[in-house]
Amino acid sequence: MSALLELDDVHVYYGPFHALRGNTLTVGEGEIVSLLGGNASGKSTTMKTILGLVKPKGGTVRFDGRDVTHASTRQRVVAGIASVPEARRVFPQMTVDENLLAGAFTRKDRAGIQEDLERIREHFPRLAERRRQEAGTLSGGEQQMLAFGRALMSRPRLICMDEPTMGLSPKLVDQVLDEIARINRELGVAVLLVEQQAELALSIASRGYVLASGEIVLQGGSRELLDDPEIQVAYLGKATDTAAESDTTA
Amino acid sequence: MLDTLIAGLLRGNIYALGAVGISLVFGVMNVVNFAQFSFFGLGAMLAWFGIVKLGLPFWLALPLVLVMCAGFGLLTNVAVVRPLAKYLPLAAMLSTFAVSQILDNASQVAFGANFRAFPKVLPTSNFRVGNLAFGTSDLVMLGITIVVMVTMSLFLKYGRIGRAIRATSQDQEAALQVGIPVAGVQHVSFVIASALGGLAGVFIALYVGVANPSSGLETGLVAFVAATLGGLGSLVGAVIGGFVLGVLEAFGIHFFGDTAREIIVFAVLIIVLIVRPGGLLGRVPLISSEPLTGTFLGRGRPFRIPKWVWPIALVIAAVVVPLVGGDYVLTTGTQVLIYATIGAGFTLTAGQAGVLALGQAGPIAIGAYSSALLTTVVHLPFWVALPVSGLIAAIIASILSSPIWGVKGHYISIATLGVGTVIVAVIQLVFPQGIYGIPFPDWFGTPLTSPLAYYLIDLGVLVITLVVMWRIRRSHLGKVIASVGSDETAAVASGVRARDYKALAFAVSAFFAGVGGSLLAHQYTYIDPTIFTTLMSLLVVTIVIMGGVNLPYGAVLGSIVLIGAMELLRFTPELRIIVYGLVLILVVRFRPGGLLVRNS
């Protein structure tokens with residue numbers, strides 16, 4: 001599989017604080033990869049590094065074979081990296097349509113933008129219904145769809161999603177995960193899914209990485225990770241002695 | 001009534017133009033851009049120069065002025081505001097305040113400080129409604145304003161860049177993530193805002209018929225109040241705020257006379273900040289999450305000063321200076337001592353409590369006037385009047401500022417600026433003439449008229465002040481106040497009533513400001529309201545920031561450099577203000593902790 005995104009030995013510091021300690025990870029074309037870890041494990045920093053919001057002290061970031069380590073966020077968006085920020089962050093006082101157009105800021109092909117706008121409205125009928133409504137008045141689930149739509153408007157090949165299920169009801173969480181899988185399947189966009197809820201993320205991802213204190217401590221296929229006793233203890237909330245027991249009941 | 005309303009709308013139209021620019025920049029940068037205030041004065045002066053001196057036709061001069069203002073605006077952002085973007089908005093705000101002083105005074109050096117008659121371009125009084133005469137000129141200005149507003153709103157609604165501006169002001173981080181070049185958007189906003197400021201400046205000159213380089217700050221503050229009234233960051237709000245304030249002001253002048261203008265404007269500011277800090281249309285807690293100064297200015301460890309330095313400094317100040325220096329040096333030294341006293345007292349508010357009050361001229365003025373009245377009218381001796389005026393300043397300033405301590409973020413700085421301005425405006429209303437014949441202090445009946453005697457008195461006051469400040473710093477009280485300054489949320493969570501402690505710190509600072517004011521009054525023997533300007537407040541702020549906002553003795557260093565050195569080097573007043581501004585910008589940019597503090 002050709003790697004679309006490659007992080008190679010990336011080090012990031014916040015002042016004296018060593019936030020990422022030589023991480024290496026890849027996302028293949030059209031793949032869903034999940035990045036797991038607890039609070040302050042370096043998930044968000046990894047995402048910020050990929051987007052160019054944080055500049056690494058060492059290592060390289062390659063996208064589509066090109067070195068983008070020193071590229072600006074804007075250049076990366078043009079190259080095909082889009083993002084769904086943590087807590088969605090739609091522009092609250094802009095309408096749904098304006099939010100989508102803001103997502104296409106880096107593009108100049110009017111006809112293409114219009115075409116994609118139609119495509120996204122088709123894909124998310126809710127957004128088409130509410131096109132003139134201010135984004136701040138949408139429900140949490142609708143805002144999440146809008147954040148997906150906004151990211152798709154730049155015609156990305158990779159979308160980085162920072163905890164897209166955060167703050168949503170369990171029912172909506174399932175919907176959002178289905179939606180991510182659908183975007184990936186139907187539009188062929190690769191997804192890097194940053195999540196705290198390992199089980200959910202791994203249910204749609206093909207592979208996963210586990211971060212702890214700024215280091216990748218585990219990686220592998222989703223099934224493998226789900227079965228890993230260490231993961232079960234640390235991230236799936238299963239106590240060591242009951243792990244076997246719950247496996248048999250399941 | 002109708003004539004007052006029309007007069008209000010005509011003025012409001014100018015405020016609206018200025019307010020839109022202020023709101024625009026605030027939206028995308030979260031910074032109150034004082035530099036923009038200068039474009040009101042600068043726009044008018046540049047237009048005057050183009051038309052009168054260069055003989056350009058108005059319709060050519062106007063676009064030229066707008067382009068020049070836009071250029072200065074861009075320069076301000078690139079050189080001063082953008083580099084500070086990663087710090088707190090407060091740092092950038094202070095710097096723009098300094099830029100505005102520099103621009104005003106550079107323009108004064110270039111064009112002279114006089115009021116210049118601004119050429120009449122169109123008839124100004126060919127219509128009449130009731131007692132109000134207005135002209136084609138006013139209608140054309142109103143027309144242009146409306147065209148500008150409509151163009152602006154279309155641009156923001158449908159333009160690609162306009163949309164990027166709105167996106168940036170609603171969520172900067174998200175804007176960055178969708179690939180909007182936020183720095184570029186900020187540059188564009190500065191350019192637009194500065195050009196609008198220049199346009200408003202030209203309009204003011206056309207409206208009042210004169211142009212003056214220093215008129216910018218005053219008009220700018222009014223435009224700023226208009227923007228706050230409408231809701232900072234909201235452009236529709238800015239327009240509404242501009243017209244509402246224009247009308248309020250017109251009716252205020254109609255009922256209370258012209259001197260009530262400033263009081264009305266700043267009363268509106270303070271009421272808005274307390275009752276509805278988000279303004280009429282803004283989202284309510286705009287910048288409430290922003291930490292206060294404590295975490296930025298004055299951070300880092302102060303240099304260790306060996307113990308023997310203090311007695312040596314005292315000997316130099318008390319023995320060497322009087323022996324070596326003549327009357328001129330002693331008079332200058334006295335000024336240094338007075339400002340050092342005011343500054344040292346101010347470190348408790350600005351440093352420990354983390355409230356960078358921008359209106360210290362207010363309590364200084366109260367102290368000066370109290371002392372003048374107590375000695376000339378009540379005939380109290382100087383020695384009684386001195387502490388009493390400090391007390392009066394502390395009490396009055398505390399009462400007037402009591403409502404503002406709940407105000408968050410750098411709004412509190414602006415609110416204190418408002419309180420200071422109101423205090424001086426009220427004094428001007430009550431004593432328009434100034435007070436003469438303020439007596440020298442006396443020693444058992446002998447008046448101490450020599451500069452040496454006065455120098456030594458002020459030295460004594462400074463030493464007492466430093467000791468008191470040092471004791472407060474090290475006391476339990478000082479530590480509680482410092483906890484409020486460094487992390488208000490944490491302090492409140494630990495049961496500290498942050499509001500009360502900020503108010504207390506301010507009262508202590510106001511006491512020393514009042515004492516300083518009293519000393520100034522007895523040195524000058526004559527006072528009038530023009531002494532206690534916004535500039536004086538800026539000077540006090542610069543003095544403490546230069547040495548280290550947390551260090552009482554830092555204020556002594558600041559005062560020696562900014563008052564003493566400037567005077568002894570015979571800098572002209574305009575040049576001095578430019579130096580103050582540059583010092584403030586450079587210190588905030590490169591040594592935010594102050595000169596006596598190691599960079600962390």
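Counting just the residues of the stretch B:121-165 that are in contact (Cβ under 8 Å) with a residue 60 or more places away in the chain and within 30 Å of A:THR106 (Cβ to Cβ), which one comes out surrounded by the most Cβ atoms within 10 Å (Cβ to Cβ)? If we take residues in the stretch B:121-165 being in contact (Cβ under 8 Å) with a residue 60 or more places away in the chain and within 30 Å of A:THR106 (Cβ to Cβ), then B:ILE165 is surrounded by the most Cβ atoms within 10 Å (Cβ to Cβ). It is to be established whether one or more residues within the stretch B:276-284 are within 14 Å of chain A (Cβ to nearest Cβ), under 23 Å from the mean Cα position of the chain (by Cα) and on the phi > 0 side of the Ramachandran plot. The answer is no, given that none of the residues of the stretch B:276-284 is within 14 Å of chain A (Cβ to nearest Cβ), under 23 Å from the mean Cα position of the chain (by Cα) and on the phi > 0 side of the Ramachandran plot.
Could you say whether any residue in the stretch B:88-99 is touching a residue at least 24 places away in the same chain (Cβ under 8 Å), within 22 Å of the chain's Cα centre (by Cα) and part of a loop (DSSP other than H, G, I, E, B)?
yes
Residues in the stretch A:51-66 that are within 19 Å of the chain's Cα centre (by Cα) and either of a type in the set (Val, Ile, Thr) or at positive phi (or both) were compared, and the one that is nearest to the other protein chains (Cβ to nearest Cβ) is A:GLY52. The lone criterion from (1) touching a Phe, Trp or Tyr at 6+ places or on another chain (Cβ under 6 Å); (2) aromatic (Phe, Trp, Tyr); (3) within 15 Å of B:GLY216 (Cβ to Cβ) left unmet by B:TYR87 is number (3).
The rows are residues; the columns are (1) basic (Lys, Arg); (2) outside any helix (DSSP H, G or I); (3) surrounded by fewer than 22 Cβ atoms within 10 Å (Cβ to Cβ); (4) over 28 Å from the mean Cα position of the chain (by Cα).
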site: B:GLY43; (1), (2), (3), (4): no, no, no, no
site: B:TRP59; (1), (2), (3), (4): no, no, yes, yes
site: B:MET68; (1), (2), (3), (4): no, no, yes, no
site: B:LYS86; (1), (2), (3), (4): yes, yes, yes, no
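Which of the numbered conditions does B:GLY237 fail, given that it passes all the others? Conditions: (1) crowded, with 24+ Cβ neighbours inside 10 Å; (2) outside any helix (DSSP H, G or I). Here B:GLY237 clears every test but (2).
Taken over the stretch B:242-283, residues that are more than 15 Å from B:VAL407 (Cα to Cα), in contact with a Lys or Arg (Cβ under 9 Å, 6 or more places away or on another chain) and at pLDDT below 85 amount to 1.
All conditions but one from (1) farther than 26 Å from A:ALA212 by Cα; (2) assigned to a loop (DSSP other than H, G, I, E, B) apply to A:VAL77; the one that does not is (2).
Do you know which of the residues in the stretch A:95-121 that are among the polar types (S, T, N, Q) and part of a helix (DSSP H, G or I) is nearest to the chain's Cα centre (by Cα)? Per the stated criteria, the residue is A:ASN99. Every listed requirement among (1) in contact with a Phe, Trp or Tyr (Cβ under 7 Å, 6 or more places away or on another chain); (2) of a type outside the set (D, E, K, R); (3) over 21 Å from B:PRO529 (Cα atoms) is met by B:TRP443 save one, (1). Scanning the stretch A:93-139 for residues being under 26 Å from A:MET166 (Cα atoms), away from chain B (no Cβ under 13 Å) and either of a type in the set (S, T, N, Q) or free of Cβ contacts under 8 Å to residues at least 40 places away in the same chain (or both) gives a total of 14.
Condition first: touching a strand residue (DSSP E or B) at 6+ places or on another chain (Cβ under 6 Å) and either among the hydrophobic types (A, V, I, L, M, F, W, C) or more than 14 Å from every other protein chain (Cβ to nearest Cβ) (or both). Can you find one or more residues in the stretch B:190-205 that meet it? Can you show your working first?
Taking the stretch B:190-205 first, the residues touching a strand residue (DSSP E or B) at 6+ places or on another chain (Cβ under 6 Å) are B:205.
Cutting the leftovers down to either among the hydrophobic types (A, V, I, L, M, F, W, C) or more than 14 Å from every other protein chain (Cβ to nearest Cβ) (or both) gives us B:205.
Yes, there is a match, as at least one residue in the stretch B:190-205 is touching a strand residue (DSSP E or B) at 6+ places or on another chain (Cβ under 6 Å) and either among the hydrophobic types (A, V, I, L, M, F, W, C) or more than 14 Å from every other protein chain (Cβ to nearest Cβ) (or both).
Just one residue in the set A:PHE63, A:PHE91, A:PHE105 is of a type in the set (Phe, Trp, Tyr), closer than 21 Å to A:ILE180 by Cβ and surrounded by 21 or more Cβ atoms within 10 Å (Cβ to Cβ); that residue is A:PHE63. Does B:ALA357 satisfy the condition of being part of a helix (DSSP H, G or I) and either free of Cβ contacts under 8 Å to residues at least 60 places away in the same chain or under 23 Å from B:ILE263 (Cβ atoms) (or both)? Considered against the rule, which asks whether it is part of a helix (DSSP H, G or I) and either free of Cβ contacts under 8 Å to residues at least 60 places away in the same chain or under 23 Å from B:ILE263 (Cβ atoms) (or both), B:ALA357 comes out as no.
Screening B:ASP171 against (1) over 30 Å from B:TRP59 (Cβ atoms); (2) more than 14 Å from chain A (Cβ to nearest Cβ) leaves a single unmet condition, (2). Residues that are closer than 30 Å to A:GLY221 by Cα, within 14 Å of chain B (Cβ to nearest Cβ) and in contact (Cβ under 8 Å) with a residue 12 or more places away in the chain are absent from the stretch A:165-184 altogether.
A single entry from A:THR46, A:THR69 fulfils the requirement of being surrounded by 21 or more Cβ atoms within 10 Å (Cβ to Cβ) and either away from chain B (no Cβ under 14 Å) or assigned to a helix (DSSP H, G or I) (or both): A:THR46.
Residues of the stretch B:74-87 being within 19 Å of B:LEU582 (Cβ to Cβ) and in contact (Cβ under 8 Å) with a residue 12 or more places away in the chain, which ones? I'd like the intermediate steps shown before the answer.
Going through the stretch B:74-87, the residues within 19 Å of B:LEU582 (Cβ to Cβ) turn out to be B:75-84, B:87.
Within the stretch B:74-87, B:THR76, B:ASN77, B:VAL78, B:VAL80, B:VAL81, B:ARG82, B:PRO83, B:LEU84, B:TYR87 qualify.
Considering only residues that are farther than 22 Å from B:VAL329 by Cα and surrounded by 11 or more Cβ atoms within 10 Å (Cβ to Cβ), which ones fall in the stretch B:305-319? Within the stretch B:305-319, B:ILE305 is the sole residue that qualifies.
Here B:VAL541 qualifies as under 21 Å from B:LEU466 (Cα atoms) and assigned to a helix (DSSP H, G or I).
Can you name every residue in the stretch A:77-92 that is more than 8 Å from every other protein chain (Cβ to nearest Cβ) and in contact (Cβ under 8 Å) with a residue 24 or more places away in the chain? A:GLY80, A:ILE81, A:VAL84, A:GLU86, A:ALA87, A:ARG88 - these are the residues of the stretch A:77-92 that are more than 8 Å from every other protein chain (Cβ to nearest Cβ) and in contact (Cβ under 8 Å) with a residue 24 or more places away in the chain. For B:VAL225, the stated conditions do not hold, so it cannot be described as without any contact (Cβ under 8 Å) to a residue 40 or more places away in the chain and assigned to a helix (DSSP H, G or I).
The values are calculated or read from the model by the stated rules, or taken from the named source; none is laboratory data. These numbers come from a predicted model, not from an experiment. Methodologically, a virtual Cβ is constructed for each residue, glycine included, from the backbone with ideal geometry; neighbour enumeration extends over all protein chains shown.
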